[in-house]
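Student: Just dropping this structure here.
Since every read-out is calculated from the coordinates, none of them should be taken as a lab result. Just so we're clear, the structure is a prediction, and the values are computed from it rather than from any experiment. Because the Cβ atoms are built from the backbone with ideal geometry, glycine has one as well, and the counts that use them run over all protein chains shown.
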Amino acid sequence: MKKRIIVFIIVAVGLAAALSRAPVQTWLVQHGEAWVLRNAEHLPLARAGEYLFDKHCASCHDNPTMHAPTREALSRLAKEDLMIAMEFGKMQPMAAHLSKQKRGLIAHYLAGSATNQYDWIADAMCEQSQNTSASPILASWGLGPENRRFISSKQTLIDANNVGDLSLAWSFAFPRVSDMRSQPAVIGDRLFVGDKAGKLFVLNRHSGCVIAHTKMISGIRSAITVATLSDSRQLLVFADSLATVYALDPNTLDIVWQRSARLNNYSVISGSISYHDDRLYVPISLFEVAAAGSPSHICCTSHGGVMALAADSGDKLWTWHASRDAILQGKNRVGQDRYGPSGAAVWSTPTIDVQRNRLYIGTGENLSAPATDTSDAVIALDLDSGDLVWKFQATAGDIWNAACLNGGANCPDNPGQDFDFGASIIIADFDGRQLLLAGQKSGEVFALNPDGNDKQRVVWRKRLSQGTSNGGIHWGMALAGDSLYVPIADPEREVAGYTPKPGLYALNVSDGDVLWGHAVKRNCDFDYSKRPLVGLENNRSASKVDPAELYRCSFYYGLSSAITVSDELVFSGGLDGTMRVFDRASGKVLWTDNTAVPVNASNGLAGHGGAIDVAGQIVVGEWLYVLSGYSMFGQLPGNVLLAYKIKN
């Protein structure tokens, strides 16, 4: 008995010592969180969320005299929409005293399992067994490691002669969502697409019937990346709104592994994950830029970065931080603590330079002082170690956050203009050498020398517009041959001397000269008394908007989403829901369709198209796939995937 007690004490002391070590604690947190996420539907999380809702929210939402949305109304929303409302939207002031974990539990309770909203799936399932061939494959955001977003004539049958014959073949509506941002992937006849409610669907890309489906605990934000490992296994890789990276078997949809990529409580994955040589490269952004707009927020402590993971296991290989950890810098003008440095979010999808063994990313602005030399920059990292190779900063001293939209105390003195590099860096082959092409929200395009010293870095630069915090170049340019195609998002703003120039521009890669430009315009009469608030400030607005009026005439109409180019065509979606296909040589519009309309979807649901933003178009064979709907910033909500086909 005495020996057993001694053994027990030794084991207990050893366990306590092990648990006190940081690596062990990290392992427990990581694997404990993964277990909770995998088993969320079977845990009493909703009960905890209900308790928190009753304690903190029911006094308004259960009281008809407050005219707040009821529990039933809130239950029709996706978890991510509820989290956005509490993190930096209309409910942020009321939820500011709750931790991120408590807000997550409330969202989990309100969203619930919502199984009754997916009863239609049984009728939408494919009747016959499906071909699981592995070809063709469209496997990544940039349609290749160089992020050129180029589709060759071997991959598509759509050309300048037959593009006018495109017509809608089928459509798919996603319940409980108002934003479509996760760019699909294609493996053979299967199309993989995720939504903000956390559903992942495998569709027959020819008919739209459902082959398989599964559910994540949180909304799917990134594109679906197909990683083909060195042992020939394939994995579907994506990130959710909790900054968790998942790897799934594409045939069974079983979770192979999952890993948190959070650097801090404000981390979020806005870009997509790149794959190369059994490694995954995860861009890490942050939503503190929006949270800082709240007067009660202590600004700012988060920063962006990149995390490299082993593709077969999810093990972390290295992390690059865009800034050192924030420390107390003093007080803001109302006496609140002010931290810094912060910011430099990474929401561009990493570009892989196999020849130089490098990775390229773009970064965003700093959120608080002091400014760093890694903000508004193009960064080159070593693929193996994550070490910094070189950096090019286009805009120094750009310190900005959402408080600058409402005169809040968290806005720094002499704020910048929020000129991120959000579009992925493109590697171009030209005249026996390579150039890096980078587009900024300032409306400027840079051609950079990947070699040499910093004084030789800029080969040319071309300004296409003045840009704004929601303007300039957003999600992705495209490259074909010696021509670069650049979408400009510029919204209208009441700023002295500012002239928006939304449209599509073709540049000569050799010198940046404009080959052609096509300005896009609003084709309706907008009531300017109903214009949305600027950018992120609109997300916090409690004003009611008539959906019919919203769709009748969109305030936004620029080109924000990533574009796709083929040998003869350029595919580009607009914020007013207009889908256009341009002649690559001349810039002439060859085909157009208004997607911001009601849709009686092929899966039996009533859907609606909206703004085309974030994700670019998928073009394969005789098919064009378009995601329509994006409600952020007062844009047009929507929830449909549209599949167009040329006539045989």
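Student: For the range 467-523, just list the percent of Cα-Cα distances falling in each 10 Å bin from zero outward, please.
Tutor: Final binned percentages: 23, 47, 25, 4.
Student: What are the semi-axes of the equivalent ellipsoid of the range 123-212, taken as the square roots of 5 times the eigenvalues of the Cα gyration tensor, listed largest first and rounded to whole Å? It would help to have the intermediate numbers written out before the result.
Tutor: On the way: eigenvalues 104, 60, 48 Å².
Working through the eigenvalues yields semi-axes of 23, 17, 15 Å.
Student: From Cα pairs below 8 angstrom and at least 6 apart in sequence, can you work out the relative contact order of the chain, rounded to a whole percent?
Tutor: RCO, the chain: 12 percent.
Student: Continuing with the same structure: I'd like the distance between the alpha-carbon centres of the range 464-535 and the range 608-622, rounded to an integer number of Å.
Tutor: 19
Student: Using the Cα atoms as the points, what is the convex hull volume per residue of the range 263-396 in Å³?
Tutor: 97
Student: Same structure again: In a shell of Cβ-Cβ distance under 13 Å around TYR339, excluding TYR339 itself, what net charge do Lys and Arg (+1) and Asp and Glu (-1) give?
Tutor: Cβ neighbours under 13 Å give a net charge of 0.
Student: Within the chain, what's the longest stretch lacking trypsin sites (Lys or Arg not before Pro) that sit in DSSP loops with no more than 12 other Cβ atoms inside 10 Å?
Tutor: Values: sites that count: ARG21, LYS154, ARG324, ARG333, LYS521, LYS544, LYS588, LYS647.
With trypsin sites (Lys or Arg not before Pro) excluded where exposed in loops, the chain gives 334-520 as its longest stretch.
Student: Separate question: Mind running the shape call on the range 70-229? Use the C-alpha gyration tensor, a ≥ b ≥ c as the square roots of the eigenvalues: rounded below 1.5 for a/c, prolate if a/b tops b/c, oblate otherwise. Mind dumping the intermediate values first?
Tutor: Values: a/c = 2.30, a/b = 1.76, b/c = 1.31.
Cα axes put the range 70-229 in the prolate bin.
Student: Hey, another quick one. Non-local amide H neighbours of TRP257 (under 5 Å, H modeled in plane, Pro and chain starts lacking H): which ones?
Tutor: Under 5 Å from the amide H of TRP257 lie the amide H atoms of ALA247, each far enough along the sequence or on another chain.
Student: Could I ask something else about it? Report, for the chain, the % of DSSP beta bridges that are antiparallel, rounded to 5.
Tutor: Numbers: 121 of 128 bridges.
Antiparallel bridges make up about 95 percent of those DSSP assigns within the chain.
Student: Read phi for every residue in the range 69-79 and hand back ³J(HN,Hα) as whole Hz from Karplus 6.51 cos²θ - 1.76 cosθ + 1.60, θ = phi - 60°, with x for Gly and Pro.
Tutor: Values per residue, Gly and Pro as x: x, 6, 4, 4, 5, 5, 5, 8, 8, 6, 4 Hz.
Student: How big is the C-alpha Rg of the range 435-579 next to the rule-of-thumb value 2.2 N^0.38 Å, as a ratio? All intermediate terms of the calculation are to be shown ahead of the outcome.
Tutor: Details: Rg = 17.0 Å, N = 145, 2.2 N^0.38 = 14.6 Å.
Output field value: 1.16.
Student: Taking amide H positions as placed in the peptide plane 1.01 Å from N, state which residues far from ILE137 in sequence (5 or more) or on other chains have amide H under 5 Å from it.
Tutor: GLY188
Student: Longest exposed-loop-site-free stretch of the chain, with GluC sites (Glu not before Pro), DSSP loop and at most 15 other Cβ within 10 Å? Spell out each step's value before the answer.
Tutor: Working: sites that count: GLU127, GLU494.
By the stated rule (loop sites, at most 15 other Cβ atoms within 10 Å), 128-493.
Student: When the Kirkwood radius is taken over all Cα pairs of the range 328-408, what Stokes-Einstein diffusion coefficient follows at 4 °C and 1.567 mPa s, in µm²/s? Present the calculation step by step, with values, prior to reporting the outcome.
Tutor: On the way: Rh = 14.0 Å.
Value of D from the Cα-based Kirkwood radius: 92 µm²/s.
Student: Let me ask something else about it. Which entries of LYS55/LYS100; LYS196/LYS647; LYS154/LYS645 have Cα-Cα distances beyond 22 Å here? Write out the running numbers ahead of the final one.
Tutor: Numbers: LYS55/LYS100 16 Å; LYS196/LYS647 32 Å; LYS154/LYS645 17 Å.
Violating the 22 Å Cα-Cα cut-off are LYS196/LYS647.
Student: Oh, and also: Provide the net charge surrounding LEU464, with neighbours chosen by a C-beta distance below 13 Å and charges set as Lys +1, Arg +1, Asp -1, Glu -1. Present the calculation step by step, with values, prior to reporting the outcome.
Tutor: Values: positive: LYS441, ARG461, LYS462, ARG463, LYS501; negative: GLU444, ASP490, ASP513.
Counting the neighbours of LEU464, the net charge comes to +2.
Student: Given a Förster radius of 22 Å and the C-beta distance between ALA48 and MET94 as r, what FRET efficiency does 1/(1 + (r/R0)^6) yield to the nearest 0.05? Don't skip to the end; give the middle numbers.
Tutor: Numbers: r = 19 Å, r/R0 = 0.86.
Calculated transfer efficiency: 0.70.
Student: Continuing with the same structure: First select every other residue whose beta carbon is under 13 angstrom from the beta carbon of ALA173; then total the charges, Lys and Arg +1, Asp and Glu -1.
Tutor: On the way: positive: ARG176, LYS199; negative: ASP195.
Overall, the nearby charge balance is +1.
Student: Please list, ordered by chain and number, the residues whose modelled amide H lies under 5 Å from the amide H of ALA480; skip anything fewer than 5 residues away on the same chain.
Tutor: Here the answer is TYR485, since their amide H atoms fall under 5 Å of that of ALA480.
Student: Can you compute the radius of gyration and Dmax for the chain, using only the Cα atoms, both in Å?
Tutor: 24.2, 90
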